[in-house]
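Engineer: My structure is below; once you've seen it, I'll send some questions.
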Amino acid sequence: MDPPISKRQRQSVAEAGGSGIAKGSAADGVLPGLQLCVKQLEASVGNAFTRMSTSLEQSVGMMNSMNSMMEEYVMRSIEIDGEVSWDGEKCTLMGTVGNASKFVLSGIEIKVCLEGDEAALFKHTVKQIQGRKDVTFEGEIPCQEKSFNVLVVVSFPSPGTGETLKVNKSL
């Protein structure tokens, strides 16, 4: 059971705004000091979060920039070549896709179509192309009396984001 509170104690509590700290006590000088300390701590934590947020935004920007440069490098490193041969009965496209970059590229799809027509004449899938290596592909294409261009589309996931990158070459 709590000890009874004297009339004087009740008056001191009321004067202190119900805080339970009597005016004129030793705690009277501590409370403003604690409030100031808490405000300074809040300001310091706020500043730290602001700096951390700015730093994180800069890091994300740098990462996106580096990823874009890497994707551009990898796409420019794809070399596509091919030759159409006719044996009197059918036309065959024999092609090569080279990876001149130092990165291993995985999940490559080679799609061959007539230029201006999205329908694939044939597709060739390659698990991966090592850096500075080539893969070959071959497929039958329609022989036509008129001149035509064959479009080779090489697509693969970006090493950084996984988004599909495409490189085209007309042969």
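Engineer: Those residues that are at pLDDT below 60 and either surrounded by 11 or more Cβ atoms within 10 Å (Cβ to Cβ) or part of a helix (DSSP H, G or I) (or both), I need them from region 15-41; list them, please.
Structural biologist: 16, 19, 21, 22, 23
Engineer: Looking at region 134-152 only, could you name the residues that are surrounded by 13 or more Cβ atoms within 10 Å (Cβ to Cβ) and part of a loop (DSSP other than H, G, I, E, B)?
Structural biologist: Across region 134-152, the qualifying residues are 143, 148.
Engineer: Take the residues of region 132-152 that are under 35 Å from the mean Cα position of the chain (by Cα) and of a type in the set (Lys, Arg): which is farthest from residue 121 (Cα to Cα)?
Structural biologist: As a first pass, look at region 132-152 and keep what is under 35 Å from the mean Cα position of the chain (by Cα): 132-138, 150-152.
Narrowing the set further to residues that are of a type in the set (Lys, Arg) leaves 132-133.
Working: 132: 28, 133: 25 Å.
Filtering region 132-152 for residues that are under 35 Å from the mean Cα position of the chain (by Cα) and of a type in the set (Lys, Arg), the one farthest from residue 121 (Cα to Cα) comes out as 132.
Engineer: What's the number of the only condition in (1) at positive phi; (2) at pLDDT below 90 that residue 162 fails to meet?
Structural biologist: (2)
Engineer: Any idea which residue in region 83-111 is nearest to residue 150 (Cα to Cα), counting only those that are basic (Lys, Arg) and more than 26 Å from the chain's Cα centre (by Cα)? Walk me through how you get there before you give the answer.
Structural biologist: So in region 83-111, the residues basic (Lys, Arg) come out as 90, 102, 111.
Still in the list and also more than 26 Å from the chain's Cα centre (by Cα): 90, 111.
Working: 90: 15, 111: 10 Å.
Checked region 83-111; the qualifying residue nearest to residue 150 (Cα to Cα) is 111.
Engineer: In addition: Out of curiosity, is residue 107 at positive phi, in a strand (DSSP E or B), surrounded by 11 or more Cβ atoms within 10 Å (Cβ to Cβ) and touching a strand residue (DSSP E or B) at 6+ places or on another chain (Cβ under 9 Å)?
Structural biologist: Numbers: at positive phi: yes; in a strand (DSSP E or B): yes; surrounded by 11 or more Cβ atoms within 10 Å (Cβ to Cβ): yes; touching a strand residue (DSSP E or B) at 6+ places or on another chain (Cβ under 9 Å): yes.
Criteria met by residue 107.
Engineer: Another question, if that's okay. Condition test on residue 125, is it among the β-branched types (Val, Ile, Thr) and outside any strand (DSSP E or B)?
Structural biologist: Values: among the β-branched types (Val, Ile, Thr): yes; outside any strand (DSSP E or B): no.
Spelling it out, it is not the case that residue 125 is among the β-branched types (Val, Ile, Thr) and outside any strand (DSSP E or B).
Engineer: Follow-up question, since we're still on this one. Run down 111, 7, 102 and say which single residue is closer than 30 Å to residue 163 by Cα, out of contact with any helix residue (DSSP H, G or I) (no Cβ under 6 Å at 6 or more places or on another chain) and at pLDDT below 95.
Structural biologist: On the way: 111 fails: at pLDDT below 95; 7 fails: closer than 30 Å to residue 163 by Cα.
Selected residue: 102, the only one of 111, 7, 102 that is closer than 30 Å to residue 163 by Cα, out of contact with any helix residue (DSSP H, G or I) (no Cβ under 6 Å at 6 or more places or on another chain) and at pLDDT below 95.
Engineer: Could you list all residues from region 63-89 that are surrounded by 14 or more Cβ atoms within 10 Å (Cβ to Cβ) and either outside any helix (DSSP H, G or I) or of a type in the set (D, E, K, R) (or both)?
Structural biologist: 71, 77, 78, 79, 80, 81, 82, 84
Engineer: Is at least one residue of region 90-102 touching a residue at least 60 places away in the same chain (Cβ under 8 Å) and surrounded by 16 or more Cβ atoms within 10 Å (Cβ to Cβ)?
Structural biologist: Keep residues of region 90-102 that are touching a residue at least 60 places away in the same chain (Cβ under 8 Å), which gives 93, 95.
With surrounded by 16 or more Cβ atoms within 10 Å (Cβ to Cβ) added as a condition, the list becomes 93, 95.
There is at least one residue in region 90-102 that is touching a residue at least 60 places away in the same chain (Cβ under 8 Å) and surrounded by 16 or more Cβ atoms within 10 Å (Cβ to Cβ).
The values are calculated or read from the model by the stated rules, or taken from the named source; none is laboratory data. Treat the numbers as computed from the prediction; the structure is a model and nothing was measured. Here the Cβ is made from the backbone with ideal geometry for all residues, glycine too, and neighbour counts use every protein chain on show.
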